[in-house]
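The values are calculated or read from the model by the stated rules, or taken from the named source; none is laboratory data. Every value quoted in this text rests on a predicted model; they were computed, and no experiment measured them. Neighbour counts run over all protein chains shown; Cβ positions are idealised from the backbone, glycine included. Side chains included, ligands, DNA and RNA excluded: accessible areas come from the protein's heavy atoms. Shrake-Rupley method; radii C 1.70, N 1.55, O 1.52, S 1.80 Å.
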Amino acid sequence: MASPEERSLDSKIKVLFVCLGNICRSPAAEGAFQDLVRKKGIESLFVIDSCGTSRYHLGELPDLRTRQAARKKGIELVHRARQFQKSDFDAFDLVLAMDRSNLKDLLSLASGEEERKKIHLFRKFQKGEGKDPDVPDPYYGSLKDFEEVQSIVSEAAEGLLEFILNKNGVKYAP
Ligand code: 4NP
């Protein structure tokens, strides 16, 4: 296998996190996953992005509370909100829905089994029993709710990375 530096865009693993507004949960997930792979020194294996199913907040930075919760973990979020496009099914290998409503919206946009197979509920990768399947929407909540989201997406990012590395047979020195 080529070293991470030698990987062309084609051979990179392309991961897209999706929520409704792209200002709370999916940029938090994008930042957590990016931070995780950077710390492991395998950032160059990946293309990582996020988007929303809606157009509500196009071009905006993540919500201030999302950025505050991420900053407490040493993560700086600079993503600008964009809407999911059908072409994202071609551009990405994995499309991670933050909740079941996002999942339903994404499935309704997918054409064919190939595209549908790329879509997963993000929290299914979080370890542990009895979890809610959804990353809760913190938009109408408090900073504490955003911190809870930050903690959920960090744990789910760990599980997702493990899944991806196993699936792709990637070996690296931690
Ligand atoms: P997100 O949260 O989908 O996690 O970015 C929301 C952001 C904005 C709205 C709802 C949820 N909104 O209704 O504007």
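Figure legend. Inter-residue proximity from the range 128-144: first residues of a type in the set (Val, Ile, Thr), second residues open to solvent by less than 60 Å² (accessible area, probe 1.4 Å) and within 14 Å of the ligand (Cβ to nearest atom), beta-carbon distance below 7 Å, spacing 6+ or different chains. Indicated pairs: 135/25; 135/98; 135/99; 135/122; 135/123; 135/149; 135/152; 135/153.
Which residue out of 71, 67 is open to solvent by 10 Å² or more (accessible area, probe 1.4 Å), free of Cβ contacts under 8 Å to residues at least 24 places away in the same chain, touching an Asp or Glu at 6+ places or on another chain (Cβ under 9 Å) and more than 11 Å from the ligand (Cβ to nearest atom)?
Result: 67 is the single residue among 71, 67 that is open to solvent by 10 Å² or more (accessible area, probe 1.4 Å), free of Cβ contacts under 8 Å to residues at least 24 places away in the same chain, touching an Asp or Glu at 6+ places or on another chain (Cβ under 9 Å) and more than 11 Å from the ligand (Cβ to nearest atom).
Scanning the range 124-144 for residues that are surrounded by 14 or more Cβ atoms within 10 Å (Cβ to Cβ) and closer than 20 Å to residue 56 by Cβ yields 134, 135, 136, 137, 138, 139, 141. For the range 16-37, taking the residues that are among the aliphatic types (A, V, I, L, M) and within 11 Å of the ligand (Cβ to nearest atom), the one that is nearest to residue 137 (Cα to Cα) is identified as 20. Return yes or no: is residue 118 surrounded by 18 or more Cβ atoms within 10 Å (Cβ to Cβ) and without any contact (Cβ under 8 Å) to a residue 60 or more places away in the chain? Yes, satisfied.
Taking the range 129-161 as the region of interest, how many residues are within 15 Å of residue 33 (Cβ to Cβ) and either more than 14 Å from the chain's Cα centre (by Cα) or among the polar types (S, T, N, Q) (or both)? Show your work before the answer.
Residues of the range 129-161 within 15 Å of residue 33 (Cβ to Cβ): 135, 149-161.
This time we only want the ones that are either more than 14 Å from the chain's Cα centre (by Cα) or among the polar types (S, T, N, Q) (or both), so: 150-151, 154.
Qualifying residue count for the region: 3.
When the criteria are applied in full, residue 170 meets the requirement of being of a type outside the set (Gly, Ala, Ser), over 16 Å from residue 16 (Cα atoms) and more than 17 Å from the chain's Cα centre (by Cα).
Taking the range 29-75, which residues are assigned to a loop (DSSP other than H, G, I, E, B) and among the charged types (D, E, K, R)?
Passing the criteria: 40, 55, 60, 63, 72, 73.
Applying the selection to the range 78-96, what residues are in a helix (DSSP H, G or I) and either open to solvent by less than 70 Å² (accessible area, probe 1.4 Å) or farther than 28 Å from residue 165 by Cβ (or both)? Answer for the range 78-96, where residues must be in a helix (DSSP H, G or I) and either open to solvent by less than 70 Å² (accessible area, probe 1.4 Å) or farther than 28 Å from residue 165 by Cβ (or both): 88, 89, 91. Going through (1) open to solvent by 30 Å² or more (accessible area, probe 1.4 Å); (2) assigned to a loop (DSSP other than H, G, I, E, B) one by one, residue 22 falls short only on (1).
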